[in-house]
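Here's the structure, in structure tokens; my notes come after.
Values quoted throughout were computed directly from the atomic coordinates according to the rules given, and no laboratory measurement underlies them. Not measured: the values here are computed from a predicted model. Cβ coordinates were reconstructed from backbone atoms using ideal geometry, including for glycine residues, and neighbour counts include every protein chain displayed.
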Amino acid sequence: MDAIGYVALSRQLGLERQLATIANNIANANTTGFLAEEMTFEAVLQRANRRVGIAYVQDLSPRPDMSEGEIKITKSPFDLAIAGDGFFAVETDNGIRYTRAGHFRLDDQNRLVTYDGNPVLDVDDQPIVLPGEDPAALHVAVDGTLSIAGEIFGTLQRARFVEPERFMREGSMLFATAEVPEIAADSAVYQGALEASNVQPILEMTAMMQTTRAFEATQKLIETQHDLTRQAVERLLDMRS
């Protein structure tokens, strides 16, 4: 395969990964707190000769789209939505992870947990345990302050990151990062509400069609190049015979 074929193949591989990313976005269009992913590409230059450089396509890790999803009212006291650039912190078996999916519940220890059972953390990275005999009376202020019957017992962690594009996705709603979070002072917590997925299905379907056409066009280029090479070889053999 010549240089044109390798360049086209590198583009096809990138387009294939982009299609997989788009398909995953569409599949999670109704997933609470899901952040769509975006593919990014860069050109990798390789010297072909002294005058000409060849640019191959290299795709980078998908990065999350940080735009906010629509906030929907649920009226459940344990459903929380965070507006702004904040994230909830939860404890998992692999360490602290971050999410915008606030569909929480209580476990048998009166801890506020995700529906997977991961404890939600306060500003001191400690699990939030609801006191008293009526945890359904929980009140969450917009600044994350937690209280029951007017008695404050903790503050929900609102984490902010300078480089959220470096997140590593775990599952559909959790993110891992090595960055130390800041306090998302400008974010607001809304009780009895959930943030919907920020996926825009129509835009994603349009992107899928465009990517599919680009993949097919690149395949046609590869096939045309193969045909030209075959014809050149055949003519060379005819001349020698």
Prolate/oblate/rounded label for segment 64-109 (Cα gyration tensor, a/c 1.5): oblate
So how strong a dipole does segment 71-195 carry about its Cα centre when Lys and Arg Cβ are +1 and Asp and Glu Cβ are -1, to the nearest 20 debye? 380
Which one, 96, 73, 129, projects farthest toward the positive side of the charge dipole computed for segment 71-195 from Cβ point charges (K/R +1, D/E -1)? 73
Interchain or long-range residues, amide H under 5 Å from residue 156's placed H: 145, 146
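Ranked highest first by the average count of other Cβ atoms within 10 Å around their residues, in what order do 180-192, 78-90 fall? Display every interim value, and only then the final one.
Numbers: 180-192: 15.2, 78-90: 22.4.
Per-residue mean Cβ counts within 10 Å order the peptides as 78-90, 180-192.
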